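Accompanying notes for the structure given below.
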Amino acid sequence: MIDWVRGQAPSPITGRSETPVRSEHAKAEYLAAMIATDEQNRSLDLAGECQRLGIEYWPVRGSYPPGWAIGVVATLCWFRRGTVRREPRQDPPVVLPTRRADGAVCTTDELYAAATDAEPYRFRITEDRAALRNRCESESWRSGLLAARIEETKQRARSAV
């Protein structure tokens, strides 16, 4: 999903490949994922919605396990920040690593500096700075593990295709 949004892979449900991915593309892919979730949604008009959005129509390709399609819906809700009706979820669908703009995992020092820069008055007491340092170390370590797990999952998915 993230690779699609970044223009590095086709979309998960329709195989849409236009770049850059715009909000209209995400709306259409969201509707396609809704259609893929269950039979009740098969009557949704994806072609009409694509025409209304002014983008090319790409049909749902194949069938997907409901859990996969629901995951795509949840992820697109998060990407789009709940801007479509019936989208209650605005939190990430999974816990994500904390990264810099270049995609690298943030170090303890970077997290610490960002926190103290954002609220310098909050960390004047030595104990508060020590507690912050511990939280930043934990977050950096957790983010490294998550990033490694994401990369491992991507490699397994590539080799399975």
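Just a few scattered comments:
- Count of the stretch 1-25 residues which are at pLDDT 90 or above and under 16 Å from the mean Cα position of the chain (by Cα): 5
- Across the stretch 91-108, the number of residues qualifying as in contact (Cβ under 8 Å) with a residue 12 or more places away in the chain and not hydroxyl-bearing (Ser, Thr, Tyr) comes to 9.
- Every pair of residues 6+ apart whose Cβ atoms lie under 7 Å, when the first sits in the stretch 129-157 and is assigned to a helix (DSSP H, G or I) while the second is surrounded by fewer than 12 Cβ atoms within 10 Å (Cβ to Cβ): 146/95
- Unique match (being assigned to a helix (DSSP H, G or I), among the aliphatic types (A, V, I, L, M) and either over 16 Å from residue 3 (Cβ atoms) or modelled with pLDDT under 90 (or both)) among 60, 72: 72
- Options 52, 42; residue that is open to solvent by 20 Å² or more (accessible area, probe 1.4 Å), outside any loop (DSSP other than H, G, I, E, B) and modelled with pLDDT under 90: 42
- The set of residues in the stretch 116-161 being among the aliphatic types (A, V, I, L, M), more than 29 Å from residue 3 (Cα to Cα) and either at pLDDT 95 or above or surrounded by 10 or more Cβ atoms within 10 Å (Cβ to Cβ) (or both) consists of 130, 131, 132.
The values are calculated or read from the model by the stated rules, or taken from the named source; none is laboratory data. The structure presented is a predicted model; accordingly, all values stated were derived computationally and were not measured. Neighbour counts are summed over all protein chains in view; Cβ atoms, including those assigned to glycine, are modelled from backbone coordinates with ideal geometry. We work out accessible area using only protein heavy atoms, side chains counted, and drop any ligands, DNA or RNA first. Shrake-Rupley method; radii C 1.70, N 1.55, O 1.52, S 1.80 Å.
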